[in-house]
Amino acid sequence: MKAAALIRRIPVGMMLVPVFLGALCNTFCPGLLAIGDPFTVTFTKSGLMTIIGLMLFFTGTQMDFITIRKVAKRGLPLALFKLLLYFIFGTFMLRYMPAEGIFQISSLAWITAYMSCNSALYLSIVNELGDSIDQANFGLMTLIGLPNIALLLFSFSSQGNLINSLLAMLLPLLLGIGCNLLDSEFKEMFKDGTQCLIPLAGFAFGTNISLITMFECGFQGLLLCGCTLLLSLIPALLFDCLILKQPGHAAIASCGLSGVSLSLPYLAAQINPAFEPYVGSATAQCALALVITTFALPYLTRLWAHHREKTNVKAVIH
């Protein structure tokens with residue numbers, strides 16, 4: 001069997017296999033990742049945001065006015081609902097939970113794990129199980145995954161910085177949309193661009209992960225992952241299925257923890273020094289949660305898809 005076919009037998013394998021390879025490199029030969037450009041700036045975490053920017057641009061080239069209207073009707077409500085969940089959870093943790101948190105998991109770790117969205121993982125899942133509208137929601141999922149959103153809760157972060165970050169994420173998407181509106185040939189030219197970038201994003205994302213650090217946090221990381229996944233996945237899934245009348249693939253896919261979010265503990269401690277003692281443990285625990293959600297969400301989404309298929313078949317029979 002050819003390598004590509006073998007990888008595709010794994011749910012979202014074109015994302016997960018490179019993630020694992022990137023994590024192996026970062027764990028056992030990190031010096032290789034810093035060998036120099038163009039390798040370092042392209043294939044490591046240094047180039048992750050560049051890859052995300054290109055994904056946003058390519059996604060934009062596949063959008064027209066009809067697609068934008070459908071995204072506003074379907075993707076925007078889901079994104080706003082997740083933002084509402086973020087602020088409810090984050091406000092509760094900061095107001096009623098001490099900085100040291102519970103179960104040896106700081107409130108900083110809880111907020112970092114919950115207020116996150118791995119847009120690259122989202123896109124790889126909906127490319128396989130979703131539709132074109134789910135894929136077009138990639139830009140919104142990238143925006144709500146920004147650490148700056150969570151930093152608002154920690155204070156007091158500058159509104160200008162938030163606006164600049166939002167604009168920096170929107171501009172590649174808008175440029176892509178502009179290219180498509182200018183000439184529809186651009187849509188055909190860039191239609192496979194995102195698919196080509198998914199393995200590169202996976203590898204670069206994996207270079208954020210240290211397998212040794214991941215295993216050191218043990219039980220706390222597992223507990224953090226399980227609790228935050230349930231608290232984010234169940235409400236999002238119910239909203240997507242019951243309110244938006246969608247199959248739920250996008251809701252499940254949007255619950256991953258992103259590599260960019262691992263910078264949040266350090267940034268939050270710069271704003272509020274009370275969190276400084278918990279930066280190391282929060283980062284390690286969230287790193288384990290990141291790995292688990294990266295590998296678990298594709299399987300959970302596929303299981304949910306099979307469940308819906310069986311339910312629909314039984315409904316048709318009866």
**OP:** Choose one answer from 264, 231, 288: the residue with the largest mean-square fluctuation in a GNM of the chain with alpha-carbon springs under 10 Å.
**Re:** 231
Subject >> J(HN,Hα) series, the range 267-277, from Karplus relation 6.51 cos²θ - 1.76 cosθ + 1.60, nearest Hz, glycine and proline x >> reply: 5, 5, 5, 5, 7, 10, x, 4, 8, 4, x
Original post:
Which is the longest part of the chain that has none of the trypsin sites (Lys or Arg not before Pro) sitting in a DSSP loop with at most 12 other Cβ atoms within 10 Å?
Top reply: 10-190
Original post:
Size of the dipole of the range 5-149 about the Cα centre, Lys and Arg at +1 and Asp and Glu at -1 on the beta carbon, nothing else charged, in debye to 20?
Top reply: 300 debye
**OP:** Using +1 at the Cβ of each Lys and Arg and -1 at the Cβ of each Asp and Glu in the range 1-142, identify which of 125, 108, 38 lies farthest towards the dipole's positive end.
**Re:** 125
Original post:
Between [x] 19.3, 63; [y] 20.2, 64; [z] 20.0, 69, which matches Rg and Dmax of the Cα atoms in Å calculated for the structure shown?
Top reply: [x]
**OP:** Could you work out how far apart the two model spin labels at residue 4 and residue 183 are, taking each label as a point 7 Å from the Cα in the direction of the beta carbon, and quote it in nm?
**Re:** 2.8 nm
**OP:** Provide the per-residue ³J(HN,Hα) series for the range 249-259, in order, calculated from phi with Karplus coefficients 6.51, -1.76, 1.60 and θ = phi - 60°, each as a whole number of Hz, with x at glycine and proline positions.
**Re:** 4, 5, 4, 5, 5, 7, 9, x, 9, 8, x
Subject >> Estimated vicinal HN-Hα couplings, Hz - the range 302-309 in sequence order (Karplus 6.51, -1.76, 1.60; Gly, Pro = x) >> reply: 5, 4, 5, 4, 5, 4, 5, 4
Original post:
To the nearest 20 debye, what charge dipole does the chain have about its Cα centre, counting +1 at the Cβ of each Lys and Arg and -1 at the Cβ of each Asp and Glu?
Top reply: 780 debye
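Every number in this text was worked out from the coordinates using simple rules, so none of it is lab data. Nothing here was measured: the structure is a model prediction, and the numbers come from that model. All Cβ positions, glycine included, derive from the backbone under ideal geometry; neighbour counts span all protein chains shown.
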